[in-house]
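Colleague: Before I ask anything, here is the structure I am working with.
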Amino acid sequence: LAVMVRNGWTISAHANNTDTPALFGAFHVQGPLSFHLLAVWPIMGKDGTGPSYSQSLAASLVVFEDFLKAERTVMAGDFNSNSKVKGQQHTHPEFVSRAAALGLASLYHHQTGKGHGQEPDPTYRHNNSDDSTFHLDYCFLSKALLGSASLKVLNDTAWKERSDHLPILVDLPNP
């Protein structure tokens, strides 16, 4: 997991980063548009031990509850979660509801009007196969950012050759 800035933007780590699930990080982003950022990549141990993806996501909402309630908040990354994934039919909607209670909504779903699990634009190809695709990469935003932001899934051959995930490009215009 990497969070980088350039061209006059700065970031500072949030104090709670020591208490967060592995590969989650909270940052204060300063620039023309300042906001809170929670970078997300829940993982499980190779032997299946440790918290599940849904447990890590749920824990992050608890650890960073106050941080995520800020007026301008971004929670983005590889969530490894979708209602279509076996075993996540209930846990993903629970996460979405808990995030909504904190004032966060998925930009992709807001923009397209599609429900979770009904995404026509996958961001992940299991085993690099176009026959087994899911939407696992998200950008959840606070209401103050949601109305003016836009998102695009970069779905072209160049990206498919680099990873089993497709990047999402998010534009957050200055208010």
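The values are calculated or read from the model by the stated rules, or taken from the named source; none is laboratory data. This structure is a prediction, so every number in the text was calculated from the model and none was measured. Counting neighbours? That spans all protein chains shown, and the Cβs are built from the backbone with ideal geometry, glycine included. Ligands, DNA and RNA are excluded from the accessible area calculation, which covers all protein heavy atoms including side chains. Shrake-Rupley method; radii C 1.70, N 1.55, O 1.52, S 1.80 Å.
Colleague: Taking the Kirkwood radius as the inverse of the mean 1/r across Cα pairs, report the Rg/Rh of region 37-116.
Modeller: 0.96
Colleague: Among LYS160, LYS69, LYS46, which one shows the highest mean-square fluctuation when the chain is modelled as a Gaussian network with alpha-carbon springs under 10 Å?
Modeller: LYS46
Colleague: Could you check the spin-label model distance between LYS86 and ASN174? Points 7 Å from the Cα along Cα→Cβ, value in nm.
Modeller: Distance between the two pseudo-spin positions: 5.0 nm.
Colleague: Ok, one more. So which residue, out of GLU161, GLU119, GLU71, gets the largest mean-square fluctuation from a GNM of the chain using Cα contacts under 10 Å as springs?
Modeller: Checking each option, the largest mean-square fluctuation is seen for GLU161.
Colleague: To continue, here is another question. Have a look at LEU102, LEU136, LEU33 and tell me which one the Gaussian network model of the chain (Cα, springs below 10 Å) gives the largest fluctuation.
Modeller: Of LEU102, LEU136, LEU33, the most mobile in the Gaussian network model is LEU33.
Colleague: State the Cα centre-to-centre distance between region 90-153 and region 1-45 in whole Å.
Modeller: Answer, in whole Å: 19.
Colleague: Measuring with a 1.4 Å probe in the full set of protein chains, what accessible area per residue, in whole Å², belongs to region 1-116?
Modeller: About 52 Å² of surface per residue is accessible.
Colleague: With a point put 7 Å past each Cα toward its Cβ, work out how far ARG98 is from LYS143 in nm, to one decimal.
Modeller: It works out to 2.2 nm between the two label points.
Colleague: Here is a further query. With respect to the cross-link table entries LYS114/LYS152; LYS84/LYS152; LYS69/LYS160; LYS84/LYS114, which display a Cα-Cα separation exceeding 23 Å?
Modeller: Beyond 23 Å between Cα atoms: LYS69/LYS160.
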